[in-house]
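J.: Here it is: the structure, laid out below.
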Amino acid sequence: MAGDGRAVYPVVAGRPAGVAAGQTLVTGTVQEFAASGVVTLTTDFGLKDPFVGVMKGRLVAGFPAVRIIDLTHEIPAHWPAEAGFWLSRSFRYFPVGTVHVAVVDPGVGGARAIAAVEAAGHLFLAPDNGLLAPVIESVSVVCARHVSGAVLVRLGVDAPSATFHGRDIFAPLAAAVAAGRLLPADLGDPVGELVPGWIEEPTVVGAQLTGTVVTIDHFGNLITNIEARHLEGLVHPVVRAAGRDLPLRRTYSDVRPGDYLALVNSFGVLEIARAERSAAEGLGLARGAPVTVVSK
Amino acid sequence: MAGDGRAVYPVVAGRPAGVAAGQTLVTGTVQEFAASGVVTLTTDFGLKDPFVGVMKGRLVAGFPAVRIIDLTHEIPAHWPAEAGFWLSRSFRYFPVGTVHVAVVDPGVGGARAIAAVEAAGHLFLAPDNGLLAPVIESVSVVCARHVSGAVLVRLGVDAPSATFHGRDIFAPLAAAVAAGRLLPADLGDPVGELVPGWIEEPTVVGAQLTGTVVTIDHFGNLITNIEARHLEGLVHPVVRAAGRDLPLRRTYSDVRPGDYLALVNSFGVLEIARAERSAAEGLGLARGAPVTVVSK
Amino acid sequence: MAGDGRAVYPVVAGRPAGVAAGQTLVTGTVQEFAASGVVTLTTDFGLKDPFVGVMKGRLVAGFPAVRIIDLTHEIPAHWPAEAGFWLSRSFRYFPVGTVHVAVVDPGVGGARAIAAVEAAGHLFLAPDNGLLAPVIESVSVVCARHVSGAVLVRLGVDAPSATFHGRDIFAPLAAAVAAGRLLPADLGDPVGELVPGWIEEPTVVGAQLTGTVVTIDHFGNLITNIEARHLEGLVHPVVRAAGRDLPLRRTYSDVRPGDYLALVNSFGVLEIARAERSAAEGLGLARGAPVTVVSK
């Protein structure tokens, strides 16, 4: 049913708040969403409390055949940027027709629209707080909506708790969409803009490319927002971080244990690693640290 | 099939050991349990070891279509009170007919009955060590049983390991109940008392209400056992904790980042929070700390 | 279909690198593998990042009805020994026909075969780096294969990422086997040897048995590779660790809170524990520490 004339809208996103931003207008025909029954969850709730569990309870109560997969619940509290980054790099490994729910929202309880974004046959539900900007930048065309109050009333969630929207709004909403009871087009009116993203895109000044450490993984690898395509023009690229020049290699085993390297990782972005050790500890770098690449 | 004459029994619970306790007698007709196929797990096992995984292995081996949902596995080791608290606040978000398994038991390996409690159409399985007291207090009527040795023999678990009852007793038991092979009435004889709970109920002295910090969540919010209904009689309530007077607000975004507040949270209990920060770290409070509410 | 003449091969395993090893030859007829649809996952990926989530995405994409159970994702990074130990002690609690995927591989990205081991009606997939040695030692007969390049081409994973084999190779492979689209015999040619294991088997010198702390669980219990059968010949066995003599008891509640004990735990191996406390913290012992047992 692609090409059925569904409206597609330009969406502003992917620029950090406070940075002058050109609009990224994305137009064309979005790939039809056909629910697969799979729902992924990405939150900052952690697994210590029953918060994720009760979200799943409501999902199963609303759609007994739902398949729920945790992406991660360890996004740093109150920082949506990492959730959007991982979602944009992960969603294509799930079946087309998956509903991706992401709830990381410093402003929960205040006035905040819920964004429903269709892209590449997947549906994303998140607070409209910039979280989904990396997803939108990673695809050629999207259709974005704000979930309407009428839909929430229809789901019986018109008087949710002030603080736990994951359980009280997102879970019943995702259950209804994953079950096929609600279509994306039912969710609300398309919108032409979403709140811009939290992380500045990599910049090029002369022969120098500068990006940002977005996250640090379990192994201490520093993962940046510099993509393989950003590196294409560079001759003999050398990666600079924490005052060191690091060689660009293919994989961890290309250097000796304990040595540093940079590589394009399995998610297609530049990563700074230390073979069999933690690069983050060794270099003393954290999220937000700048990383540059120069030709040598 | 409610009202079919099933016996319902008073249960003593909800009073801390060592505190003179009036019996809470709960009588009436319990809502029929009809298995939904969903099982929740609440333990102190953590996720580092394969303990939860092998429990799930036995559940799936015993009932291939089971739907398993983790509530939490990070209950503080050897403190059942928190498990019961979260269960009592969470179980209604799961489908009626869910089997809730909770295993937190300092006395594992010693003599200990297994409690099977029917309430509100749900079934709870836990060591009879006070864990389920908060669940029992949260409902109007329950039917409590001790699981009989005959049932364990029938399940082939009459010689379980001395130390891993979650895998060797609770998992096959829950699988049989979730699959509908065992009905609650098959589990054993009803009992009139269970071991009392671990946390004292909030007390009122004059115009002052005193409760307890039961748990600290992932965000550092201090969660108490004071319920919204306890606050109803108070005019201009002010919450006192760690020597501070905290305003009672509706939600986190009602104060500025860094400010403290108290609120009735999304689970219906009083919580002390700090907007976008950790109240627990800021106030230096831990589980068991007293919290008072006064009229001002 | 047991006894259908399938070739069964001797496998070398279970000896630490650098230790002169006699081959353990295992012969006989392996129990037929009939897929149950269940897949377990054991990795060193942690749950902080979306690595486990995207593996599950590919599993569900490849086999929508798959039942996925996490064994653990907290194996110490780059140390396969613990993964194999837990798998060998856990797999029998899962249904026959389960596919067990274990990915802990310091050498990822370098040349490394993928081992597919059939044993006791289960199938194990792991890097051939010694990880599966404890599984092989725990069963009477196995059939081991190296997954062929032809199978990977057939699965469309012939050009995987250099660093994320869990997602790019193991997940689609496990999905195909769990779905019954690939039989173990399709996976590749049988091999007569696998890379030996990482931990030395317990040794007996005179009346003294010496083993190793393999892992420390969530409760701080020190878990060794000394099995109940190793203790059988000993009269009045006493366990020595960290310069202390510890009594061998049946269960934790056989000593007072705070006291140390040794016991054969629920996984059938010798464990050093401290009632209601952490033995690891109390004794200052870590993985790899020697533990001896003497007759007294």
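J.: A:Ala126 is checked against (1) crowded, with 24+ Cβ neighbours inside 10 Å; (2) in contact with a Pro (Cβ under 7 Å, 6 or more places away or on another chain); (3) without any contact (Cβ under 8 Å) to a residue 60 or more places away in the chain and fails just one. What number does that condition carry?
T.: (2)
J.: Further, regarding this structure: If you take just the strands (runs of 3 or more DSSP E) that sit entirely in the stretch C:224-296, which of them hold at least 1 residues that are within 14 Å of chain B (Cβ to nearest Cβ) and buried (at least 16 other Cβ atoms within 10 Å of the Cβ)?
T.: C:260-264, C:269-274
J.: Additional query: Residue by residue through the stretch A:67-83, note down the ones that are out of contact with any strand residue (DSSP E or B) (no Cβ under 7 Å at 6 or more places or on another chain), facing chain B (nearest Cβ under 10 Å) and on the phi < 0 side of the Ramachandran plot.
T.: A:Glu74, A:Ala77
J.: Looking at C:Val195, C:Val214, which is the one that is surrounded by 20 or more Cβ atoms within 10 Å (Cβ to Cβ), touching an Asp or Glu at 6+ places or on another chain (Cβ under 7 Å) and within 18 Å of C:Leu131 (Cα to Cα)?
T.: After ruling out the rest, the residue left standing is C:Val214.
J.: Within the stretch A:67-86, how many residues are part of a helix (DSSP H, G or I) and not acidic (Asp, Glu)?
T.: The qualifying residues number 6.
J.: Let me ask another. Kindly provide the set of residues from the stretch A:69-93 that are without any contact (Cβ under 8 Å) to a residue 40 or more places away in the chain and out of contact with any Pro (no Cβ under 7 Å at 6 or more places or on another chain), ordered by number.
T.: A:Ile69, A:Asp70, A:His73, A:Glu74, A:Ile75, A:Ala77, A:Arg92, A:Tyr93 - these are the residues of the stretch A:69-93 that are without any contact (Cβ under 8 Å) to a residue 40 or more places away in the chain and out of contact with any Pro (no Cβ under 7 Å at 6 or more places or on another chain).
J.: Name the pairs: first residue in the stretch C:136-163 and at pLDDT below 85, second residue part of a helix (DSSP H, G or I), Cβ to Cβ under 7 Å, at least 6 apart or on different chains?
T.: From residues that are at pLDDT below 85, the pairs are C:Val157/C:Asp168; C:Val157/C:Ile169; C:Val157/C:Pro172; C:Asp158/C:Leu152; C:Pro160/C:Asp168; C:Pro160/C:Ile169; C:Ser161/C:Asp168; C:Thr163/A:Tyr252.
J.: Please give the helices (runs of 4 or more DSSP H) falling wholly within the stretch A:87-186 in which 2 or more residues are within 14 Å of chain B (Cβ to nearest Cβ).
T.: Here the list reads A:171-178.
J.: I'd like to check something: does the stretch C:26-37 contain any residue that is out of contact with any Pro (no Cβ under 6 Å at 6 or more places or on another chain), within 14 Å of chain A (Cβ to nearest Cβ) and modelled with pLDDT of 85 or more?
T.: yes
J.: A:Val66 - would you say it is under 22 Å from C:Val52 (Cβ atoms) and touching a Pro at 6+ places or on another chain (Cβ under 7 Å)?
T.: no
J.: Name the residue that is nearest to C:Trp86 (Cα to Cα), counting only residues in the stretch C:231-247 that are in contact (Cβ under 8 Å) with a residue 60 or more places away in the chain and of a type outside the set (Val, Ile, Thr).
T.: It comes out as C:Leu231.
Each row is one residue, and each column tells you yes or no for (1) surrounded by fewer than 22 Cβ atoms within 10 Å (Cβ to Cβ); (2) among the aliphatic types (A, V, I, L, M).
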{"position": "A:Pro134", "(1), (2)": "no, no"}
{"position": "A:Val141", "(1), (2)": "yes, yes"}
{"position": "A:Ala144", "(1), (2)": "no, yes"}
{"position": "A:Ala150", "(1), (2)": "yes, yes"}
{"position": "A:Asp186", "(1), (2)": "yes, no"}
{"position": "A:Ala207", "(1), (2)": "yes, yes"}
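J.: For the stretch B:41-66, enumerate the residues that are more than 7 Å from every other protein chain (Cβ to nearest Cβ) and not in a loop (DSSP other than H, G, I, E, B).
T.: The answer is B:Leu41, B:Thr42, B:Thr43, B:Phe51, B:Val52, B:Met55, B:Leu59, B:Gly62.
The values are calculated or read from the model by the stated rules, or taken from the named source; none is laboratory data. Keep in mind that this is a model prediction, so the values were computed, not measured. Neighbour counts run over all protein chains shown; Cβ positions are idealised from the backbone, glycine included.
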